[in-house]
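Student: Here's a structure for you.
The values are calculated or read from the model by the stated rules, or taken from the named source; none is laboratory data. Nothing here was measured: the structure is a model prediction, and the numbers come from that model. With ideal geometry, Cβ positions are generated from the backbone for all residues, glycine too; neighbour counts draw on all protein chains shown. For accessibility, only protein heavy atoms count, side chains too; no ligands or nucleic acids. Shrake-Rupley method; radii C 1.70, N 1.55, O 1.52, S 1.80 Å.
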Amino acid sequence: MLSLTQPLENEIEINGQHYEWDLSYDNVLRFYELMDDDSVNEIEKVQIAFKMFVPECIADIETQIETVQAISQYVSGQDEEESEPSEGSHKQYYSWEQDADYIYASFLQDYGIDLIDLQGILRWEKFIAMLNSLSERTKFSQVVSIRAAEIPAGNSEYEIAERNRLIQLKDLYALKGEDSVSYAEQEIDSMFDRLVESAQKGGETNE
């Protein structure tokens, strides 16, 4: 996603025309919020997302689906040419919504960056690179490490104490329901699979 030798693309090509796209980190996070909103149907989600990302472009719904799907795959780091990942191979132990405070505080701690001040400015690719490189001393990294840690086995006094400590921490920082980034991305992929299949079969995509 991020290259040290090439500039970030500020435009996307749609039907042979180039349009500016909004890949600021907060706009992408709003996209994830939209995809998780059960009060909005799937076609409306695509239409809203298309306007969020490419506000100056007008296109038919099939083009909107194709464009938003491509952007979704890009921001999630998926390679369109890669085979389908196996179950559990893309698990992420954090949530954009639940861990917002930890992410904000950790960026401020490690980089001196106030994410609120950079809304509409900081590109998604830069945001992700910094998120993935947060130091172990940050709250976000510590919480993710706790969630990912395996419960230790053994019956020594230390192992029992460590097991109890980790179980308590896992309970304290547990993700609510299926509120992980990887689960959200799987749900988005499934939605686009349904929409593309419906379009290929000549189904209604404008309701």
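Student: Between Ala129 and Val196, what FRET efficiency comes out of the Förster formula 1/(1 + (r/R0)^6) with R0 = 25 Å and r the beta carbon distance, rounded to 0.05?
Tutor: My answer for the efficiency is 0.25.
Student: Using the beta-carbon distance between Leu34 and Arg165 and R0 = 35 Å, what value does 1/(1 + (r/R0)^6) give for FRET efficiency, to the nearest 0.05?
Tutor: Calculated transfer efficiency: 0.35.
Student: Moving on to the next point. Please report, ordered by residue number, every helix of the chain (full DSSP H runs) that is 24 Å or longer along its axis going by C-alpha atoms and whose mean Kyte-Doolittle hydropathy reaches -0.5.
Tutor: Span-like helices, by this rule, are 181-200.
Student: Under the rule of -39500 (n - 2.57) per DSSP H run of 4 or more residues, summed and divided by the residues of the chain, what mean residue ellipticity at 222 nm is obtained, to the nearest 500 deg cm²/dmol?
Tutor: Dividing the helical sum by the residues of the chain leaves -16000 deg cm²/dmol.
Student: Any idea what the dipole of segment 1-60 comes to, in debye rounded to 20, about its Cα centre with Lys/Arg Cβ at +1 and Asp/Glu Cβ at -1?
Tutor: 120 debye
Student: Give me the 1.4 Å probe accessible area per residue for the chain, excluding ligands and nucleic acids, in Å².
Tutor: 62 Å²
Student: Place a +1 charge on the Cβ of each Lys and Arg in the chain and a -1 charge on the Cβ of each Asp and Glu, then give the dipole magnitude about the Cα centre in debye, rounded to the nearest 20.
Tutor: So the dipole magnitude of the chain works out to roughly 900 debye.
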